[in-house]
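Visitor: Mind looking over this structure? Questions follow.
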Amino acid sequence: MKNSKMFFEDFEIGLVFNTGSKQITKDEIISFAKNYDPQYFHVDENKAKNGPFGTLVSSGFMTLGVSFTQFFETGVVKDTGMGAWGIDELRWTFPVYPNDELKSEVKVIEKKLSSKNPNKGTVRTLHTVTNQNDKVVMTWIANFLIKTKN
């Protein structure tokens, strides 16, 4: 889903964006984890059978990356985003399994103009990531820096 780019002034508290979905493959899970989170239940399908999830699962960091990409692909902050100053309240609430289909709902929860630079402001967004069964697998709050129209 593509939206028009938005400046700081365009964001309203309560505004919701729904992203497109992405299927998570076993190969993506293993490849990401080998580089960034090499715990056995992310990289070794056989060992994972005897692990805490009973099967291979995605790294939460991969799930976070997928969720960020989904929001970025809406186009809302493509030309107006200026980075972010952090993430708050990141929670992995349910495992992500191979072939799960993930989508994100992104809700604007706060906005504040910079007191030091009137050309930008912070837009805080709550990201709720669900699988194909509408089970919440992750939530996180982003603190995006967004250009003003000035």
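Visitor: Can you give me the % of accessible surface on the chain that is carbon or sulfur? Probe 1.4 Å, all protein chains present, nothing else counted.
Guide: So the carbon and sulfur contribution to the accessible surface is 50 percent.
Visitor: Related question: Quick one: among 93, 122, 139, which has the greatest mean-square fluctuation in a GNM of the chain with alpha-carbon springs under 10 angstrom?
Guide: Sorting by GNM fluctuation, first place goes to 93.
Visitor: I need the Kirkwood Rh of the stretch 35-116: take the reciprocal of the average 1/r across all distinct C-alpha pairs and report it in angstrom.
Guide: After inverting the mean inverse Cα-Cα distance, the result is 15.3 Å.
Visitor: How tilted is helix 26-36 with respect to the longest principal axis of the chain? Cα atoms for both, answer in degrees (0 to 90, nearest 10).
Guide: 70
Visitor: Leaving ligands and nucleic acids out of the surface, order 124, 91 by accessible area at 1.4 Å, largest first.
Guide: The residues order as 91, 124, largest area first.
Visitor: Which residues' amide hydrogens lie under 5 Å from the amide hydrogen of residue 84, considering only partners 5 or more residues apart or on another chain, with H built in the peptide plane?
Guide: 145
Visitor: Next question, about the same structure. Using a ≥ b ≥ c from the Cα gyration tensor of the stretch 1-52 (square roots of the eigenvalues), is it rounded, prolate or oblate, where a/c under 1.5 gives rounded and otherwise the larger of a/b and b/c decides, a/b for prolate?
Guide: Taking the square roots of the gyration eigenvalues as a ≥ b ≥ c, the stretch 1-52 is prolate.
Visitor: All other residues with a Cβ under 12 Å from the Cβ of residue 34 taken together, and with Lys, Arg as +1 and Asp, Glu as -1, what is their net charge?
Guide: Surrounding charge for residue 34 is -4.
Visitor: Here is a further query. Among 38, 102, 90, whose Cα projects farthest towards the positive end of the dipole of the stretch 11-150, with charges put on the beta-carbon of Lys, Arg (+1) and Asp, Glu (-1)?
Guide: Positive-most Cα among the choices belongs to 90.
Visitor: Right, here's the next one. Tell me what the chain gives for mean residue ellipticity at 222 nm when only DSSP H runs of n ≥ 4 count, each as -39,500 (n - 2.57), the sum divided by the residue total, rounded to 500 deg cm²/dmol.
Guide: The per-residue figure over the chain is -5500 deg cm²/dmol.
Visitor: Provide the per residue accessible area, probe 1.4 Å, for the chain, rounded to a whole number of square angstrom.
Guide: Roughly 55 Å² per residue, with all protein chains present.
Visitor: Now a separate question. Match the structure shown to one of the listed values (1) 9.7; (2) 9.2; (3) 11.4 of mean projected area of the Cα convex hull in nm², computed from it, and give that label.
Guide: (2)
Visitor: Measure nothing fancy, just the Cα-based angle from helix 60-72's long axis to the longest principal axis of the chain, in degrees from 0 to 90, nearest 10.
Guide: For helix 60-72, the angle is close to 40 degrees.
The values are calculated or read from the model by the stated rules, or taken from the named source; none is laboratory data. Being a predicted model, the structure only gives us computed values, none of them experimental. Positions of Cβ are backbone-derived with ideal geometry, glycine not excepted, and every protein chain shown enters the neighbour counts. Areas reflect the complete protein model, heavy atoms only, side chains present, ligands, DNA and RNA absent. Shrake-Rupley method; radii C 1.70, N 1.55, O 1.52, S 1.80 Å.
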